[in-house]
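Here the structure is laid out as structure tokens; the discussion comes afterwards.
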Amino acid sequence: MSIRAQLAAFALLIALPLVALVAYRIYAEFRADAARAADTVQRVARAAASDTRRALDETERVLKRLAQRPAVRAMSAQQCDPAIEDFRAAVAGYANIITIDREANLVCSAVQVKAARTSLGDVDWVQQALKAGGLYVSRPTVSIVTGAPVVYVTFPVDGGLIAAALDLSG
């Protein structure tokens, strides 16, 4: 074996453990970064779940309070309770508050839009909410009044239900 070949073999013998050490170090840093990222994702997910729970609890309290009002219970389009407009304006994140009678007709809306549809019998979340008998949260959908992306949180009223549309765009 020539001196050059011996020197190359010696250099390779020295370099291999260094390359292995560098590779192991890169792998260990990658694993640590992945663990930190997973921990951060878990913290963010727990915070989002907690925020969502608080928002749903607050929405339930608002809807229960509104459901006790005689003008809401009357389910009369001629006597819409102005409190639904006040609560929609006062609570951040509400795109709208509506009332729907047992026949799935839109009765009142805090947001007035000329082209709003009134018959909601073919809307899946309305049918589900009317059957629920308690608090119901829809899947993300498009607002029946404004067209904005929302999630409806509904609460039963003697004559139908009251629903808060939670704005998903902001």
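The values are calculated or read from the model by the stated rules, or taken from the named source; none is laboratory data. None of the values given here were measured: they were computed from a predicted structure. Heads up, the Cβs are rebuilt from the backbone with ideal geometry, glycines too, and the neighbour counts pull from every protein chain shown. Heads up: the accessible areas ignore ligands, DNA and RNA and are worked out on the full protein's heavy atoms, side chains in. Shrake-Rupley method; radii C 1.70, N 1.55, O 1.52, S 1.80 Å.
Going by what's in this entry, would Leu168 be described as under 22 Å from Asp57 (Cβ atoms), open to solvent by 60 Å² or more (accessible area, probe 1.4 Å) and touching a strand residue (DSSP E or B) at 6+ places or on another chain (Cβ under 7 Å)? Yes, satisfied.
The set of residues in the range 62-78 that are surrounded by 13 or more Cβ atoms within 10 Å (Cβ to Cβ) and either modelled with pLDDT under 90 or small (Gly, Ala, Ser) (or both) comprises Ala67, Ala71, Ala74, Ser76, Ala77. Just one residue in the set Arg25, Arg54, Arg4 is among the basic types (Lys, Arg) and closer than 24 Å to Asp167 by Cβ; that residue is Arg54.
For Val153, are the conditions met, namely being open to solvent by less than 20 Å² (accessible area, probe 1.4 Å) and modelled with pLDDT under 90? Against the criterion (open to solvent by less than 20 Å² (accessible area, probe 1.4 Å) and modelled with pLDDT under 90), Val153 does not qualify. Checking Met1 against (1) open to solvent by 90 Å² or more (accessible area, probe 1.4 Å); (2) part of a helix (DSSP H, G or I): exactly one of these is not met. Which one? Met1 satisfies every listed condition except (2). Just one of the listed residues (Ala32, Ala47) is more than 30 Å from Pro140 (Cα to Cα) and modelled with pLDDT of 85 or more, namely Ala32.
So the check is Cβ under 8 Å with 6+ separation or different chains; which pairs have a first residue in the range 53-80 that's over 17 Å from Gly134 (Cα atoms) and a second one that's part of a helix (DSSP H, G or I) and open to solvent by less than 50 Å² (accessible area, probe 1.4 Å)? Close Cβ pairs (under 8 Å, with a partner that is part of a helix (DSSP H, G or I) and open to solvent by less than 50 Å² (accessible area, probe 1.4 Å)) amount to Arg69/Ala83; Ala71/Ala83; Gln79/Ala71; Cys80/Ala71.
Screening Gly134, Gly147 for residues that are open to solvent by less than 60 Å² (accessible area, probe 1.4 Å), farther than 18 Å from Gly93 by Cβ, assigned to a loop (DSSP other than H, G, I, E, B) and not basic (Lys, Arg) leaves exactly one candidate, Gly134. Within the range 82-98, being in a strand (DSSP E or B) and either among the aliphatic types (A, V, I, L, M) or surrounded by fewer than 18 Cβ atoms within 10 Å (Cβ to Cβ) (or both) holds for Ala95, Ile97, Ile98. Restrict the check to the range 99-107 and report whether at least one residue is under 19 Å from Asp167 (Cβ atoms) and open to solvent by 60 Å² or more (accessible area, probe 1.4 Å). Checking the range 99-107: not a single residue is under 19 Å from Asp167 (Cβ atoms) and open to solvent by 60 Å² or more (accessible area, probe 1.4 Å).
Thr59 fulfils the conditions (1) within 30 Å of Glu85 (Cβ to Cβ); (2) open to solvent by 90 Å² or more (accessible area, probe 1.4 Å); (3) hydroxyl-bearing (Ser, Thr, Tyr) except for a single criterion, (2). Based on what the data block shows, is Ile162 touching a Lys or Arg at 6+ places or on another chain (Cβ under 6 Å), on the phi < 0 side of the Ramachandran plot and surrounded by 17 or more Cβ atoms within 10 Å (Cβ to Cβ)? Criteria not met by Ile162.
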